[in-house]
Amino acid sequence: MIRIYLAAPLFTEAERIFNCHLRDLLHSDGHEVYLPQEQGEGCTQRGSEESALLFTAHLKALQSADVVVAVCDGPDTDSGTAWEMGYATAYGIRVIALRTDVRMAGTGARVNLMLAQSAELVTGTDQLLALLRTSLPST
């Protein structure tokens, strides 16, 4: 079992549905998944104390993750997702960037240069699961 922090945009209904689908897919493959939107992340009426508690919970989950799976779809990677990827990279946590979006992020690039150089890039959930399976310790 791999502990996964699922970094992804969560501001539209479509994003939240995809995130839950991906969480379920990862769970069914035997992994533990932390999904920030399940912690009340989508709340627009949050005070500073609630925000601080949520930030601390996310940091704790990031620090205990074996892998960050980051959804990098859209014209540009979500700023929160990019921050989580950078944090993980700085602390030596493996990052896998999932980009199912067929658009290019730049000239010949699937994602921003800094994200591409700090993550393993996959273009679909089948590739993601296959990559995670090669990472499992043998028993």
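The values are calculated or read from the model by the stated rules, or taken from the named source; none is laboratory data. None of these values were measured; they are calculated from a predicted model. Positions of Cβ are backbone-derived with ideal geometry, glycine not excepted, and every protein chain shown enters the neighbour counts.
How many of the residues making up the range 1-39 are surrounded by 20 or more Cβ atoms within 10 Å (Cβ to Cβ) and in a helix (DSSP H, G or I)?
The total comes to 5.
Give the number of residues within the range 112-139 that are of a type outside the set (A, V, I, L, M) and either modelled with pLDDT of 95 or more or not in a helix (DSSP H, G or I) (or both).
10
Any chance the range 46-56 includes a residue that's crowded, with 21+ Cβ neighbours inside 10 Å and in a loop (DSSP other than H, G, I, E, B)?
No, every residue in the range 46-56 fails to be crowded, with 21+ Cβ neighbours inside 10 Å and in a loop (DSSP other than H, G, I, E, B).
Quick check on the range 89-104: of everything there that is modelled with pLDDT under 95 and closer than 27 Å to Asp24 by Cβ, which residue is surrounded by the most Cβ atoms within 10 Å (Cβ to Cβ)?
Of everything passing the filter in the range 89-104, Arg99 is surrounded by the most Cβ atoms within 10 Å (Cβ to Cβ).
Quick one: Thr81 ticks every box in (1) within 17 Å of the chain's Cα centre (by Cα); (2) polar (S, T, N, Q); (3) modelled with pLDDT under 95; (4) in a helix (DSSP H, G or I) except a single one, so which number is it?
Only one criterion in (1) within 17 Å of the chain's Cα centre (by Cα); (2) polar (S, T, N, Q); (3) modelled with pLDDT under 95; (4) in a helix (DSSP H, G or I) is unmet by Thr81, namely (3).
What are the residue pairs meeting all of these: first residue in the range 1-21, first residue more than 11 Å from Ala65 (Cα to Cα), second residue assigned to a helix (DSSP H, G or I) and β-branched (Val, Ile, Thr), Cβ atoms under 9 Å, and 6 or more apart or on different chains?
Ala7/Thr81; Ala8/Thr81; Pro9/Thr81; His21/Thr125
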